[in-house]
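Colleague: Okay, here's the structure, questions in a sec.
Read-outs throughout are calculated quantities, based only on the coordinates presented, and are distinct from any laboratory measurement. What you see is a predicted model, and the numbers here were worked out from it, not measured in a lab. Here Cβ is always computed from backbone atoms with ideal geometry, including for glycine, and neighbour counts include all displayed protein chains.
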Amino acid sequence: MVGFTFRGGRLACDDVPVEDIARETGTPAYIYHAGSIRAAHATLDAAFAGYPHAMHFALKANSTLAILRLVRGLGAGADANSGGEIEAALRAGFEPAQIVFTGVGKTRDELDRAVALGVRAINIESDGEAERLDGLARARGVKVRVALRVNPDIDPNTHAHISTGLRVNKFGVPIEFAPPLLRSLARRPGLDPVGLHVHLGSQILDVEPLGRAARALAGLAREVRDAGVRLEHIDLGGGLGVAYDGTTGADPAAYAAAVLPAVRETGLTLLIEPGRFLVAPAGILVGRVADTKAYPGSPRFVVLDAGMTELLRPALYEAYHRIVAVTPREGPASPCEIVGPLCETSDTLGHDRALGPVEVGDLIAVLDTGAYGFVMASNYNRRRMPAEVLVDAGGWRIVRRRQTYEDLFRNEE
Ligand code: LLP
């Protein structure tokens, strides 16, 4: 695996200069490196080797079909969070039995679709959802495989917006209500409780809370199995963090060491739902400098043709992404604000960054944007969704063309 490196003073992906790609696709564009995804998958898979496990890629991180086909080819399953993500998984070739369906507020139509398909598990969020799902399954004369999403009230030490396993968060059923609910699920003719599910949050760098969640679920599994509920799996969700600052991300081996002892005692199959870890470092967002300005008393601004419409993370979470010139020019670096073209001050991709000289037309790359990048893009300001490119085995191809203005107005009267 090579990935994104500077070669002869120019950013390249494997052997392909990013400039060459951008010249053909235009900007903004996302570029993904297949080898990085394969390598991340292999590392994570190896950490759990020796224990029965399955990886269900969290489609919310990146559901571009070419990426999904690649991940499926590695033997992973899918974690879908909406009807649209189920559809994406199916179109990418995942079998229903490889899909788990999670999400707060699943609609009746979404649930019914998952029931009809016969997915590996629908992760139930509440008593009410259990009842509705039971009704849908009975109407179809089937028993649907379900897991109970438990809220363990554990702080994953990450950004509050992406923390999901605290009592005050909307996700799952508080753990002390889980045993009676699981017993009642087992009594419902339409439901087959096969698993327990938890997801603490995202961009988690400290594996200790993940270990605690595994122990909490293992304890719950023992309790309800003693009460006669047959279980097959424990699903620990996603959450492994990556090194956005280029230092060290979460360590898969440490993650496995933190969760496996408790899971092993149950003998249940382990499911994990990694999203970011598999794809974030494998992607960059490339934009061009559209303007520069520096007036006394104001910061130096580098204005790109890419902004919060292409990459929302900095505006939404004050997320940090490294930003580099694709072909750095000679000269001293100075602090600047790297901003987008939208009519919002929050449209800042990089605050107070040291960047060398840049000129209008230069290419700039925002790193580690393969996860929660394109999927969170929008048409705000009537901007068109960017193109996406996959670099694989030394070659590259456009896997999603840039939206056209025709696309933009297609659904309107
Ligand atoms: N499973 C469930 C049930 C989830 O809710 C999530 C993410 C994942 C798995 C995957 O988590 P990961 O391995 O990617 O951390 N937009 C935010 C991240 C939101 C994550 C939501 N849930 C961001 O850009 O940081």
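Colleague: Restricting attention to the alpha-carbon atoms of segment 62-109, what are Rg (one decimal) and Dmax (integer), both in Å?
Modeller: Answer for segment 62-109, Rg first and Dmax second: 10.4, 32 Å.
Colleague: When Lys and Arg each count +1 and Asp and Glu each count -1, what net charge do the other residues less than 12 Å away from residue 276, Cβ to Cβ, add up to?
Modeller: 0
Colleague: Quick one: what are the phi-derived ³J(HN,Hα) couplings along segment 391-399, Karplus 6.51/-1.76/1.60 with θ = phi - 60°, whole Hz, x for glycine and proline?
Modeller: 9, 8, 6, x, x, 9, 8, 6, 9
Colleague: Starting at the first residue of segment 341-358, write each ³J(HN,Hα) from the Karplus equation 6.51 cos²θ - 1.76 cosθ + 1.60 with θ = phi - 60°, in whole Hz, x for Gly and Pro.
Modeller: These are the phi-based 3J(HN,Hα) values: x, 8, 7, 8, 6, 5, 7, 10, 8, x, 9, 6, 9, 7, 9, x, x, 9 Hz.
Colleague: Along the principal axes of its C-alpha atoms, what lengths does segment 125-229 span, in descending order and rounded to whole Å?
Modeller: 44, 29, 18
Colleague: Give, to the nearest whole percent, the P(r) tail of segment 272-341 beyond 17 angstrom, counting all Cα pairs. If you can, show how the numbers build up before the last one.
Modeller: Details: 1292 of 2415 pairs.
That tail contains 53 percent of the Cα-Cα pairs.
Colleague: Another one. Once amide H atoms are placed 1.01 Å from N in the peptide plane, what residues at a sequence separation of 5 or more from residue 53, or on another chain, have their amide H within under 5 Å of its amide H?
Modeller: 270
Colleague: Express the C-alpha Rg of segment 183-324 as a ratio against the empirical globular expectation 2.2 N^0.38 Å, rounded to two decimals. Please list the in-between numbers first.
Modeller: Numbers: Rg = 21.8 Å, N = 142, 2.2 N^0.38 = 14.5 Å.
Expressed relative to 2.2 N^0.38 Å, the Cα Rg reads 1.51.
Colleague: May I ask for the distance between the Cα centers of segment 294-340 and segment 366-396, given as a whole number of Å?
Modeller: Spelled out, the Cα-based centre of one part sits 17 Å from the other.
Colleague: Provide, as a two-decimal number, the C-alpha radius of gyration of segment 293-412 over 2.2 N^0.38 Å, N being how many residues it has. The partial results should precede the final answer.
Modeller: Numbers: Rg = 15.6 Å, N = 120, 2.2 N^0.38 = 13.6 Å.
Scaled against compact globular proteins, the figure is 1.15.
Colleague: Dividing the alpha-carbon Rg of segment 32-116 by 2.2 N^0.38 Å yields what?
Modeller: Rounded to two decimals, the normalised Rg is 1.12.
Colleague: Using the Cα atoms of segment 212-263, I'd like the radius of gyration and the largest Cα-Cα distance, Dmax, both in angstrom.
Modeller: When restricted to the Cα atoms of segment 212-263, Rg and Dmax are 14.5, 48 Å.
Colleague: Just the C-alpha atoms of segment 1-151: what Rg/Rh do they give, with Rh taken as the Kirkwood radius?
Modeller: On the Cα set of segment 1-151, Rg over Rh gives 1.10.
Colleague: Still on this model: For the chain, what is the largest minus smallest coordinate of the Cα atoms on each principal axis, given in angstrom and ordered from greatest to least?
Modeller: Taking the Cα atoms of the chain, the three principal extents are 70, 52, 44 Å.
Colleague: Going by C-beta contacts inside 10 Å, put 336, 343, 13 in order with the fewest on the left.
Modeller: Least to most surrounded, the residues fall as 343, 336, 13.
Colleague: Summing +1 for each Lys or Arg and -1 for each Asp or Glu, what net charge is found among the other residues whose Cβ lies under 10 Å from the Cβ of residue 157?
Modeller: Numbers: positive: none; negative: 155, 206, 208.
Taking every Cβ under 10 Å from that of residue 157, the sum is -3.
Colleague: Run through segment 340-413 and list the trypsin sites (Lys or Arg not before Pro) located in a DSSP loop whose Cβ has at most 14 other Cβ atoms within 10 Å.
Modeller: 401, 410
Colleague: With bins 5 Å wide starting at 0, give me the P(r) of segment 235-292 over every alpha carbon pair, in whole percents.
Modeller: 4, 14, 21, 19, 12, 11, 7, 4, 3, 3, 2, 1
Colleague: If you average over every viewing direction, what projected area does the convex hull of the Cα atoms of segment 1-64 give, in nm²?
Modeller: 5.8 nm²
Colleague: If I build a Gaussian network model for the chain, linking alpha-carbon pairs within less than 10 angstrom, which residue out of 54, 377, 319 has the largest mean-square fluctuation?
Modeller: Of 54, 377, 319, the most mobile in the Gaussian network model is 319.
Colleague: Follow-up. Ranking 60, 293 by Cβ neighbours within 10 Å, fewest first, what do you get?
Modeller: The fewest-first ordering by Cβ neighbours comes to 293, 60.
Colleague: Using amide H atoms built 1.01 Å from N in the peptide plane, name the residues 5+ places from residue 387, or on other chains, whose amide H lies under 5 Å from its own.
Modeller: Those qualifying (amide H under 5 Å, at least 5 residues apart or on another chain) are 30, 402.
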